[in-house]
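A quick write-up on the structure given underneath.
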Amino acid sequence: MFIARSETAGEWKAIATAISTIVEEATFEATPQGINFRGMDPSHIALIDLNWPNSAFEKYECSQPIKIGLKIEDFVKLIKRASTNDKVELETKDESLLIKFVNSYKREYLLHLIEPYTSSTPLPKISLNSKTVLKTKSLENLLDDIQVVSETVNISAKKDQMTLEGQGDTGHAKIVLDKTNEDIISIDIKEESVATYSLPHLLDIISSLSSVSENVSVEFSTKMPIKLVFKIGAYGIDLCYYLAPRIE
């Protein structure tokens, strides 16, 4: 038996959309402690690790661990039919997932499950030297500014400063951030670092989650993966996103 009810649809919409940016099929693992997802894109450059504790749900029942395999695009299409104030309830029914939207009236969908993945994806074992916490929407806007001229962003950090740069056929863009910027929560630089990453990949994940995550932690080191940590809602939902660097 598995039942999970959320007070609003926003978190499911955002998280499902984020996952759909890297995989076509997703396996969620529900345990008595909550829901987890970990998956990597086919090219092995992007990874999402989700921890959704049971305390974040209005109602949560899971007597034993269960794996739920979904075609994520189909799930996203259904979950986006929910209105802003709808409660969303998921329940396993034999080989299907029953999805209920409840507000002034109740709507139900039955989504056929697929064979879940049995193999596990390990997390990168890396130590990163630069960490900046800032407003998620601000980071989205800054990267949009860079994408006007470039498909990649060069991120560098030194002392109490982080710099975003992009260069392409049309020109060059540079943005310098430090602790005086009102949207910067904190900057912690242990060692000067510089690396380049794909802008479309970063913007896909950030734009998916900016509506439900107020702040994002950005961690990286020279020629190492970037790690984005999104705190979602007020009840301890964590989504970590890793992206491999572009090596010229």
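The values are calculated or read from the model by the stated rules, or taken from the named source; none is laboratory data. Note that the coordinates shown come from a computational prediction; the quantities given were computed from them, not determined experimentally. Virtual Cβ from ideal backbone geometry, glycine too; neighbours counted across all protein chains shown.
Is it the case that Lys223 is of a type in the set (Lys, Arg) and touching a residue at least 40 places away in the same chain (Cβ under 8 Å)?
Numbers: of a type in the set (Lys, Arg): yes; touching a residue at least 40 places away in the same chain (Cβ under 8 Å): no.
No, not satisfied.
From the residues in the stretch 205-215 that are outside any loop (DSSP other than H, G, I, E, B) and buried (at least 18 other Cβ atoms within 10 Å of the Cβ), which one is farthest from the chain's Cα centre (by Cα)?
Only one residue fits best here, namely Ser207.
Scanning the stretch 151-192 for residues that are farther than 13 Å from Phe220 by Cβ and touching a Lys or Arg at 6+ places or on another chain (Cβ under 7 Å) yields Thr152, Asp160, Glu165, Asp183.
Residues considered: Ile15, Ile48, Ile35. Of these, the only one that is surrounded by 17 or more Cβ atoms within 10 Å (Cβ to Cβ) and not in a strand (DSSP E or B) is Ile15.
Between Ile114, Ile72, Ile99, the distinction of being closer than 25 Å to Val23 by Cα and touching a residue at least 60 places away in the same chain (Cβ under 8 Å) belongs to Ile114 only.
If you check Ala56, Ala30 for being more than 30 Å from Leu199 (Cα to Cα) and surrounded by 21 or more Cβ atoms within 10 Å (Cβ to Cβ), only one passes: Ala30. The set of residues in the stretch 139-182 that are outside any strand (DSSP E or B) and on the phi > 0 side of the Ramachandran plot contains only Lys159.
Of all residues in the stretch 161-186, those satisfying the criterion of being within 30 Å of Lys13 (Cα to Cα) and not small (Gly, Ala, Ser) are Leu164, Glu182, Asp183, Ile184, Ile185. Within the stretch 143-201, being in contact with a helix residue (DSSP H, G or I) (Cβ under 9 Å, 6 or more places away or on another chain), more than 23 Å from Ala18 (Cα to Cα) and of a type in the set (Val, Ile, Thr) holds for Ile175, Ile184. Just need a number here: residues in the stretch 216-234 that are within 16 Å of Ser138 (Cα to Cα) and outside any strand (DSSP E or B). Qualifying residue count, the stretch 216-234: 0.
Looking at Ile175, Ile185, which one is of a type outside the set (Phe, Trp, Tyr), in contact with a strand residue (DSSP E or B) (Cβ under 7 Å, 6 or more places away or on another chain), closer than 22 Å to Thr152 by Cα and assigned by TED's automatic domain parsing to the domain that holds Leu142?
Details: Ile185 fails: closer than 22 Å to Thr152 by Cα.
So the residue among Ile175, Ile185 that is of a type outside the set (Phe, Trp, Tyr), in contact with a strand residue (DSSP E or B) (Cβ under 7 Å, 6 or more places away or on another chain), closer than 22 Å to Thr152 by Cα and assigned by TED's automatic domain parsing to the domain that holds Leu142 is Ile175.
For the stretch 174-199, which positions are small (Gly, Ala, Ser) and crowded, with 16+ Cβ neighbours inside 10 Å?
Step one: list which residues in the stretch 174-199 are small (Gly, Ala, Ser), which gives 186, 193, 195, 198.
Across the stretch 174-199, the qualifying residues are Ser193, Ala195, Ser198.
Out of all the residues in the stretch 226-247, is one or more farther than 22 Å from Leu47 by Cα and out of contact with any Ser or Thr (no Cβ under 7 Å at 6 or more places or on another chain)? Yes: the stretch 226-247 contains one or more residues that are farther than 22 Å from Leu47 by Cα and out of contact with any Ser or Thr (no Cβ under 7 Å at 6 or more places or on another chain).
Is it the case, given these coordinates, that Asp145 is in the same structural domain as Thr222 (by TED's automatic domain parsing), under 29 Å from Val212 (Cβ atoms) and of a type in the set (Asp, Glu)? Write out each step before concluding.
Values: in the same structural domain as Thr222 (by TED's automatic domain parsing): yes; under 29 Å from Val212 (Cβ atoms): yes; of a type in the set (Asp, Glu): yes.
Yes, satisfied.
When each of Thr118, Thr152 is tested for being among the polar types (S, T, N, Q), touching a Phe, Trp or Tyr at 6+ places or on another chain (Cβ under 7 Å) and farther than 26 Å from Ala9 by Cβ, the lone residue that passes is Thr152.
Considering Thr132, Thr196, the condition of being closer than 28 Å to Ile15 by Cα, touching a Pro at 6+ places or on another chain (Cβ under 9 Å) and part of a strand (DSSP E or B) is satisfied by Thr196 alone.
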